[in-house]
Amino acid sequence: MKDRLKETFFDLIRFDTASNPKSETFPSSENLTDFAEYLSAKLTETGLEDISIDKYSYLTATLPANTDRPCKTVGFLAHTDTSPDYSGKMIKPVVWENYDGADIVLKNDIVIGEREFPFLKNYRGQTLITADGTTLLGADDKAGAAEIICAVKYLTEHPEIKHGKVRIGFTPDEEIGRGVDFFDVEGFGCDFAYTVDGGVIGEFSYENFNAAYAELKIKGKNVHPGTAKGIMKNALLIGNEFISLLPEEETPAHTENREGFYHLCEMDGNVSEANLEFIIRDFDRESFEKRKILFEKIKDKLNRKYGKNTVVLNMGDSYYNMREVIDKYPYVKDIALKAMVQAGVSPKILPTRGGTDGSRLSFEGLPCPNIFTGGHNYHGPYEIICLESMEKAAETIVNIIEIVGRGE
């Protein structure tokens, strides 16, 4: 399984599939459509049936049941895009066999070492994979795609393992929050599913942030600075004032676990006009709503100070904490945890400080928690994944399918 996983993973990361947040098309890049076509051919090789790609480049397939026992239909999903935060062109994977604890030194002065990343101590003696320092690795989420493909391939080669109908899905544009905008939940035809899009081995997440976006447009007034007293309104300074009225310690750099935050993602402009883009995150729905109210209050305060419509706020919700849904289906959690234990993995129930396709799918009627892929440090040149952890992820998928097939 390890050799097949490595071969499949290396094959998938050859493709540059970064999503494009500025695009108005779906998917956001033609590369994602091309990659879906390639994946379709890969799935044909595994013996899957009902392989189809719709006009939105959603790829779905079926592993037919090989038992007459009544059981639920389970699904597995991974996303095909990689983060646009860092280059995914010409990825050159590097294999570090029998990792000995020494610093991993890559190009561009990229060093991945135990001093900065203490989790590496857990991987001594195992096989690690990185990029070469010039790109991200693409394990988010091509590791998940490889693990799903290898798991179903294993099942087609081992018909003695009885199972019910299994559905496979690959979605584009997850990294830019659009992954399931047009996904046909009813057509997918599952009772429940799992995204294979997590991190460290054993990670199981059925809780994620409530999420919102907030866009500020600030209108200033520009006159010659030599005669500006009492007249000039500097849009950039007003934007800075808005930021200063947010809690200083509630940013991503100061929070962890279930702590929420405000995150300034982008700011540009000049004296006449400024634009600020934020994301707002919180696990607790009540606290989440209060955070949005604070944005409204600050906007109103600045408009009273500088004039009507100086600050225009466009704010909306992106997704919600899937725990509200998953808690109603405890067996979905129990099956995954049992499958991990059967694979010799100690489950780590962790909140996801982000969102997955599963968070939105859960609210659309498909309970869909998230299981690990085995990676760390996603979205940049420090990305790293353990091959043995990937093997355990694939084994966990096989175990879930077998457990569901027994009607448990």
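Ignoring ligands, DNA and RNA, what accessible area per residue does the chain give at 1.4 Å, in Å²?
45
Take Ser346 and Glu259, extend 7 Å from each Cα along the Cα→Cβ direction, and tell me the distance between the two endpoints in nm.
If labels sit at Ser346 and Glu259, their model points lie 2.5 nm apart.
On the accessible surface of the chain, probed at 1.4 Å, how many percent belong to carbon and sulfur atoms?
Values: 8810 of 18320 Å².
Answer for the chain: carbon and sulfur cover 48 percent of the accessible area.
Take the Cα radius of gyration of the stretch 142-267 and divide it by 2.2 N^0.38 Å, with N its residue count; two decimals is plenty.
Normalised by 2.2 N^0.38 Å, the Cα Rg of the stretch 142-267 equals 1.76.
Taking the C-alpha atoms of the stretch 1-109, how large are the radius of gyration and the largest Cα-Cα span, Dmax, in Å?
Just the Cα atoms of the stretch 1-109 yield Rg and Dmax of 17.8, 57 Å.
Compute the acute angle (0 to 90°) between the alpha-carbon long axis of helix 330-342 and the principal axis of greatest extent of the alpha-carbon atoms of the chain; round to the nearest 10°.
60
Calculate how steeply helix 285-306 sits against the longest principal axis of the alpha-carbon atoms of the chain, using the helix alpha-carbon long axis, and give the answer as 0 to 90 degrees to the nearest 10.
With both axes taken from Cα atoms, the answer is about 20 degrees.
Could you compute Rg(Cα) / (2.2 N^0.38 Å) for the stretch 254-371, with N its residue count? Let's see the in-between values first.
Details: Rg = 19.3 Å, N = 118, 2.2 N^0.38 = 13.5 Å.
Compared with the compact-globule rule of thumb, the stretch 254-371 sits at 1.43.
Translational diffusion coefficient of the stretch 94-145 at 25 °C, 0.890 mPa s, Stokes-Einstein with Kirkwood Rh over Cα pairs, in µm²/s as a whole number. Intermediate values should be presented prior to the final figure.
Numbers: Rh = 11.7 Å.
For the chosen part, D equals 209 µm²/s.
For the stretch 234-322, report the % of Cα-Cα distances exceeding 18 Å.
46
Please express the Cα-Cα pair-distance distribution P(r) of the stretch 191-343 as a list of whole percents, one per 5 Å bin, running from 0 to the bin with the greatest distance.
Distribution as computed: 2, 8, 15, 16, 14, 11, 9, 7, 6, 5, 3, 2, 1, 1, 0, 0 percent.
Where q = 0.22, 0.23, 0.24 Å⁻¹, what log10 of I(q)/I(0) comes from the Debye formula for the stretch 144-204, counting one point per Cα?
Listed by q, the Debye log ratios stand at -1.15, -1.20, -1.24.
Give me the distance in nm between label points sitting 7 Å out from Cα along the Cα-to-Cβ direction at Asp268 and Lys308, one decimal.
Output for this residue pair reads 3.1 nm.
My understanding is that a pair violates if its Cα-Cα distance is over 24 Å; which of Lys142/Lys392; Lys328/Lys348; Lys6/Lys92; Lys219/Lys299; Lys92/Lys348; Lys22/Lys348 do that in this structure? Could you put the intermediate results ahead of the total?
Values: Lys142/Lys392 16 Å; Lys328/Lys348 20 Å; Lys6/Lys92 13 Å; Lys219/Lys299 12 Å; Lys92/Lys348 31 Å; Lys22/Lys348 36 Å.
From Lys142/Lys392; Lys328/Lys348; Lys6/Lys92; Lys219/Lys299; Lys92/Lys348; Lys22/Lys348, over 24 Å: Lys92/Lys348; Lys22/Lys348.
Out of Ile161, Asn108, His79, whose Cα points farthest toward the positive end of the dipole of the stretch 21-168 (charges: +1 Lys, Arg; -1 Asp, Glu; placed on Cβ)?
Ile161
Using the Cα centre of the chain as origin and beta-carbon charges of +1 (Lys, Arg) and -1 (Asp, Glu), tell me which of Phe209, Cys190, Pro381 is placed farthest towards the positive end of the dipole.
Farthest towards the positive end: Phe209.
Go through the stretch 192-200 residue by residue and turn each phi into a ³J(HN,Hα) via Karplus (6.51, -1.76, 1.60, θ = phi - 60°); whole Hz please, and just put x for glycine and proline.
7, 8, 9, 7, 9, 8, x, x, 4
Along the Cα-to-Cβ line of His224, 7 Å from the Cα, sits a label point; which residues in the stretch 269-294 have backbone N less than 20 Å from it?
Backbone N within reach: 271-272.
What's the long-distance tail for the stretch 50-165, i.e. % of Cα pairs beyond 17 Å?
Above the 17 Å cut-off, the stretch 50-165 has 69 percent of its Cα pairs.
The values are calculated or read from the model by the stated rules, or taken from the named source; none is laboratory data. Predicted model only: the values in this text are computed from it and were never measured. Ideal geometry is used to build each Cβ from the backbone, glycine not excepted, and the neighbour counts take in all protein chains shown. These accessible areas exclude ligands, DNA and RNA; they are computed on the full protein's heavy atoms, side chains included. Shrake-Rupley method; radii C 1.70, N 1.55, O 1.52, S 1.80 Å.
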